[in-house]
Amino acid sequence: MIQRLGSGIVRMRILVLTLRARPKIFSPLNTVKILKFFIDLPFRFIFAFFAFTFGGLIGWVGLILSALRFFHVINWPWWVAALPLEYGVLYCLYMTIDGALYRAGLKDIGGYARATATDEHIANAEFQQALRSLERESEKE
């Protein structure tokens, strides 16, 4: 146990020295980029939810069921009538987070995207991700 504790302390010292040797990541320019990244997320979610609601069948079903419930044509509880829209909120939230992780370079293209996209789209996405990683590496230096 003492040996494990000692090796952990050595690892922590190496980590601290490594972090001190790295250039500052949070320069004013990077802080602005990070701020824009987080400000952009709610707008992406709202646009995705509007596209889901008005551009797809599930969204229209949710709107129609909610309207039927509003005009007392059906006597379902609100949460049942709005279930397709609730699904849309969860789906768009997941896709917004997934897209943010992809744009940050923390995630690769998923299996569904690979299966439904053309080879050209996949190659373009991988090229864009490689460019972003090169930009990040050049900013660190």
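All of the numbers you see were taken from the coordinates with simple rules; none came from a lab. Bear in mind that the values here come from a model prediction, so they are computed numbers and not experimental data. Cβ coordinates were reconstructed from backbone atoms using ideal geometry, including for glycine residues, and neighbour counts include every protein chain displayed.
Put +1 on the Cβ of each Lys and Arg and -1 on the Cβ of each Asp and Glu in segment 26-107; which of 52, 105, 78 then has its Cα farthest toward the positive end of the dipole?
My answer, from the dipole projection, is 105.
Give me the extension gain from residue 60 to residue 121: residue separation times 0.36 nm, minus the current Cα-Cα distance, reported in nm with one decimal.
19.1 nm
Give me P(r) over segment 26-107, computed from all C-alpha to C-alpha distances, binned every 5 Å, as integer percentages.
P(r) for segment 26-107, in whole percents per bin: 3, 15, 18, 16, 14, 11, 8, 6, 5, 3, 1, 0.
What does the charge dipole of segment 26-107 about its Cα centre add up to, to the nearest 20 debye, if the Cβ of each Lys and Arg holds +1 and the Cβ of each Asp and Glu holds -1?
240 debye
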